[in-house]
1. May I ask which of K15/K66; K25/K84; K55/K84; K25/K55 have a Cα-Cα span longer than 26 Å here?
2. If the convex hull of the alpha-carbon atoms of the range 18-61 is projected onto planes in all directions, what is the mean projected area in square nanometres?
3. With all protein chains present, how much of the accessible area of the chain (probe radius 1.4 Å) comes from carbon and sulfur, to the nearest whole percent?
4. Per residue, how many Å² of accessible area does the chain show with a 1.4 Å probe?
5. Only helical DSSP H runs with n ≥ 4 go in: add -39500 (n - 2.57) per run for the chain, normalise by residue count and round the 222 nm mean residue ellipticity to 500 deg cm²/dmol.
6. Determine the percent antiparallel among the DSSP beta bridges restricted to the range 9-88, to the nearest 5.
7. Where the only charges are on Cβ atoms (+1 Lys, Arg; -1 Asp, Glu), what is the dipole of the chain about its Cα centre, to the nearest 20 debye?
8. In nm, give the distance between the simple-model label positions of K7 and E39, each being 7 Å from the Cα along the Cα-to-Cβ direction.
Amino acid sequence: CSASTNKPVLTLFTKKPCPLCDEAKEVLEPYKRRFILQEVDITLPENSAWYDKYKYDIPVFHLNGKFLMKHRVDVQKFEDQLRKLELQSE
């Protein structure tokens with residue numbers, strides 16, 4: 001089964017503290033076996049470009065490198081995109 005190697009990557013642009021990010025991670029908890037969560041701390045010097053872009057918008061989510069949503073998790077949108085990617089990788 002190669003499904004585990006082809007899991008979509010969900011990138012979470014975050015900073016500390018971020019109550020909305022924590023809330024978003026809780027909402028995503030039931031799906032966590034279906035994707036790889038990669039967190040990017042926008043306050044780190046190497047992420048300054050993301051900081052400039054998203055400092056007022058976190059949490060921001062990218063799925064496989066493409067912008068998906070910001071501020072709150074849109075579960076319907078997330079599920080649709082996740083399903084699309086899963087079908088592509090089968």
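1. Numbers: K15/K66 20 Å; K25/K84 21 Å; K55/K84 29 Å; K25/K55 19 Å.
Distance filter (> 26 Å) returns K55/K84.
2. Details: hull surface 13.2 nm².
Taking a quarter of the hull surface, the average projection is 3.3 nm².
3. Numbers: 3100 of 5970 Å².
Taking all protein chains in place, the chain shows 52 percent carbon and sulfur surface.
4. Values: 5970 Å² over 90 residues.
It amounts to 66 Å² per residue over the chain.
5. Values: 3 runs with 32 residues, N = 90.
Theoretical 222 nm ellipticity from helices: -10500 deg cm²/dmol.
6. Numbers: 8 of 14 bridges.
DSSP beta bridges in the range 9-88 are roughly 55 percent antiparallel.
7. Numbers: 15 positive and 14 negative charges, 21 e Å.
Its charge dipole is roughly 100 debye.
8. Output for this residue pair reads 1.6 nm.
The values are calculated or read from the model by the stated rules, or taken from the named source; none is laboratory data. These numbers were taken from a predicted model, which means no experiment stands behind them. Positions of Cβ are generated from backbone atoms using ideal geometry, with glycine treated the same way; all protein chains shown enter the neighbour counts. The protein model used for the area step is the full one, side chains on, heavy atoms only, and it has no ligands, DNA or RNA in it. Shrake-Rupley method; radii C 1.70, N 1.55, O 1.52, S 1.80 Å.
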